[in-house]
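Below: one structure, written as structure tokens.
The values are calculated or read from the model by the stated rules, or taken from the named source; none is laboratory data. Computed from a predicted structure; not experimentally measured. So basically every Cβ, Gly included, is an ideal-geometry build from the backbone, and we count neighbours across all protein chains shown.
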Amino acid sequence: MRQKERRSGHKPPAGSPGHHRRDERPSRPAKAEAKPATARETMREATVPGANERPLKSRTGDRPLERVPVILESSGAGDFHLIDSGNSLKLEQYGPYRIVRPEGQALWQPSLAPHVWEKVDAVFTGDTDEEGTGRWRFPKEALGEIWPLHLLGVDFYGRFTSFRHVGVFPEQIVHWSWMKQQVEAAGRPLKVLNLFGYTGVASLVAAAAGAEVTHVDASKKAIGWARENQALGRMEKLPIRWICEDAMKFILREERRGNTYDIILTDPPKFGRGPNGEVWHLFEHLPLMLDICREILSPQALGLVLTAYSIRASFYSIHELMRETMRGAGGVVESGELVIREAGLDGKTPGRALSTSLFSRWVPK
């Protein structure tokens, strides 16, 4: 993995590499299962309870230094790598399986021959709309729903879900590797908060490195999957709190209690619902969420990491928001895109970079 800079450009139109639609994350609201409501209907409903009771803090002081644009690149790790992409599809290796999934960012033609794309174990087909579901086709033989995977020293289950994802978002490898390095080098016990934590891979990586982890996700299914992952790797004794709750509710309570964390990861969806009907909308609630996260960072905090998918915005939007949120805190805000580099059939042959998401990360220096 490597970090490099490139020249900034104008805000791209929908469907271009800078417009992160991220179709495969539709059912990750405040991590509740998707319900039959449109985005517009969702926006009209009640917002997160308690959110309106807590105004944004008035920040003073200088804004942090900035590093932009930053491209955080992964060529894969462990049991994953991106083999090829093109024609709005991606060909990936997950452990023993080669799979094909939709990928709107892959505007080019595939590099590998058609017969390579045909000799795969699983293909996701069906509705490609953002909230659409689909099914998996298995060209060779019927496969089980789950299979074991390994990444950054932890074991977890891959799963063929109806929303095309398989239980891990490999573009996050760069953030998880960074977090792992911070925990191992700290020389003291660190507390990590993983908001919208999904199936717990990041939480397991942090805990295995020596951190005390609080994992928050509003989906009981996701929490159950995360616990299965913990059991698979025989990591039951690791210090992880699995919290099934709306993320905003949880951090508001942590702020009132005065609890703090050394590293906070937050991976919110564009919109969604919590377990008790709470409604999340990124553009409405993200400023407050980051504001609260700042308040629950410890005095010796090592980082606040935000990843954003499925939004019609430039990374500069979240970059400037992060700098305003961290005004007076010093440090640096680095923002840009996460990309995955094609690695070919052998996992070692570099190809094109596939842009996956926007990110912004505050670090103390």
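A few remarks follow.
- Within the stretch 56-93, the set of residues being modelled with pLDDT of 95 or more, under 27 Å from residue 202 (Cβ atoms) and of a type in the set (A, V, I, L, M) comprises 65, 68, 70, 71, 72, 82, 83, 89, 91.
- Exactly one residue out of 145, 171, 131, 212 is farther than 24 Å from residue 81 by Cβ, modelled with pLDDT under 95 and surrounded by fewer than 24 Cβ atoms within 10 Å (Cβ to Cβ): that is 131.
- Evaluation of residue 177 against (1) buried (at least 18 other Cβ atoms within 10 Å of the Cβ); (2) more than 23 Å from residue 272 (Cβ to Cβ); (3) in the same structural domain as residue 197 (by TED's automatic domain parsing); (4) not aliphatic (A, V, I, L, M) (one fails), failing number: (1)
- Hey, residue 199 at pLDDT 95 or above and either under 19 Å from the mean Cα position of the chain (by Cα) or in a loop (DSSP other than H, G, I, E, B) (or both) or not: yes
Okay, residues lined up against (1) polar (S, T, N, Q); (2) part of a loop (DSSP other than H, G, I, E, B); (3) crowded, with 22+ Cβ neighbours inside 10 Å:
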{"position": "288", "(1), (2), (3)": "no, no, no"}
{"position": "294", "(1), (2), (3)": "no, no, no"}
{"position": "307", "(1), (2), (3)": "yes, no, yes"}
{"position": "316", "(1), (2), (3)": "no, no, no"}
{"position": "321", "(1), (2), (3)": "no, no, no"}
{"position": "336", "(1), (2), (3)": "no, no, yes"}
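- Verdict on residue 150 being part of a strand (DSSP E or B), at pLDDT 95 or above and in contact with a strand residue (DSSP E or B) (Cβ under 9 Å, 6 or more places away or on another chain): yes
- Members of the stretch 202-225 found to be touching a Phe, Trp or Tyr at 6+ places or on another chain (Cβ under 6 Å) and of a type in the set (Gly, Ala, Ser), listed by number: 202, 222
- Being surrounded by fewer than 19 Cβ atoms within 10 Å (Cβ to Cβ), assigned by TED's automatic domain parsing to the domain that holds residue 60, of a type in the set (Val, Ile, Thr) and farther than 15 Å from residue 283 by Cα is a property that does not hold for residue 356.
- Evaluating residue 303 against the criteria (1) buried (at least 24 other Cβ atoms within 10 Å of the Cβ); (2) under 17 Å from the mean Cα position of the chain (by Cα) leaves one unmet condition, (1).
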